[in-house]
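Report on the structure given below.
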Amino acid sequence: KQEVTQIPAALSVPEGENLVLNCSFTDSAIYNLQWFRQDPGKGLTSLLLIQSSQREQTSGRLNASLDKSSGRSTLYIAASQPGDSATYLCAVTSNTGKLIFGQGTTLQVKP
Amino acid sequence: GAGVSQTPSNKVTEKGKYVELRCDPISGHTALYWYRQSLGQGPEFLIYFQGTGAADDSGLPNDRFFAVRPEGSVSTLKIQRTERGDSAVYLCASSLAGKDGYTFGSGTRLTVV
């Protein structure tokens, strides 16, 4: 059974810092991995998707890496801003299409 | 529609009652997913449809939970004999063919009193 773990559960940083969020998964037979953002009381927004054959994806200040063999992914946020405050969720898609989420990391960026 | 629509946005029900939660996916999306999210937790997988059939229902917690998608579009999650532990936000997502391109709805907040 696939299990997805995110560390840390919560993180508070001053504005401008670079930061790394971690995700690990137990079954390396994945189709892809995604990072989502969730704002309080809202649905989920997809940030980055990494196919199983890829090593990383970048979008603006965000960079996500994938090491499938070790079951790890990181989300790097450069020059953090207060608007980045949200919960970040890592999710893996199995080869059968099932999407499994981690528990999330709640980020607070202080002005 | 332009996005995934979930109704109602909020539902308060008494313990033991039956509830139905509705999800309208993006038109043409064949894959539809239901998740349950408790406060401070990530979304917990419940069931995934490809077209009209349930491709994977391994996340349904017990036989009080049931979901249908009779015409391959709108889906209804049905909960019988609700319990206080069923209180959560129920999220729906759709995807054109599954495996990527997911769009999530804003969820239905279910409170069982």
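The values are calculated or read from the model by the stated rules, or taken from the named source; none is laboratory data. Note that this is a predicted model, so its numbers are computed, not measured. Note that we place each Cβ from the backbone using ideal geometry, even for glycine, and neighbour counts take in every protein chain shown.
Taking the range B:69-97 as the range and being within 20 Å of residue B:13 (Cα to Cα), part of a loop (DSSP other than H, G, I, E, B) and not hydroxyl-bearing (Ser, Thr, Tyr) as the test, the residues that pass are B:80, B:81, B:83. Take the conditions (1) outside any loop (DSSP other than H, G, I, E, B); (2) more than 11 Å from chain B (Cβ to nearest Cβ); residue A:31 misses just one of them, which is (2). If you go through the range A:49-67 one residue at a time, do you hit one that is in contact with a strand residue (DSSP E or B) (Cβ under 9 Å, 6 or more places away or on another chain), assigned to a strand (DSSP E or B) and in contact (Cβ under 8 Å) with a residue 40 or more places away in the chain? No: the range A:49-67 contains no residue that is in contact with a strand residue (DSSP E or B) (Cβ under 9 Å, 6 or more places away or on another chain), assigned to a strand (DSSP E or B) and in contact (Cβ under 8 Å) with a residue 40 or more places away in the chain. Applying the criterion of being of a type in the set (Lys, Arg) and within 15 Å of the chain's Cα centre (by Cα) to the residues of the range B:9-49, the residue that is nearest to the other protein chains (Cβ to nearest Cβ) is B:36.
Answer yes or no as to whether residue A:52 is farther than 12 Å from residue A:6 by Cα and of a type outside the set (Lys, Arg). Step through it out loud before you land on a result.
On the way: farther than 12 Å from residue A:6 by Cα: yes; of a type outside the set (Lys, Arg): yes.
Judged against the criteria, residue A:52 is a match.
How about the range A:1-31: which of its residues are modelled with pLDDT of 95 or more, farther than 13 Å from residue A:107 by Cβ and among the polar types (S, T, N, Q)? Listed by number, the residues that qualify are A:5, A:24, A:26. Filtering the range B:50-68 for residues that are at the interface with another protein chain (Cβ under 8 Å from one of its Cβ atoms), hydrophobic (A, V, I, L, M, F, W, C) and either in contact with a Pro (Cβ under 9 Å, 6 or more places away or on another chain) or part of a loop (DSSP other than H, G, I, E, B) (or both) leaves an empty set. Residues in the range A:68-96 that are crowded, with 18+ Cβ neighbours inside 10 Å and part of a strand (DSSP E or B): A:73, A:75, A:77, A:86, A:87, A:88, A:89, A:90, A:91, A:92, A:93.
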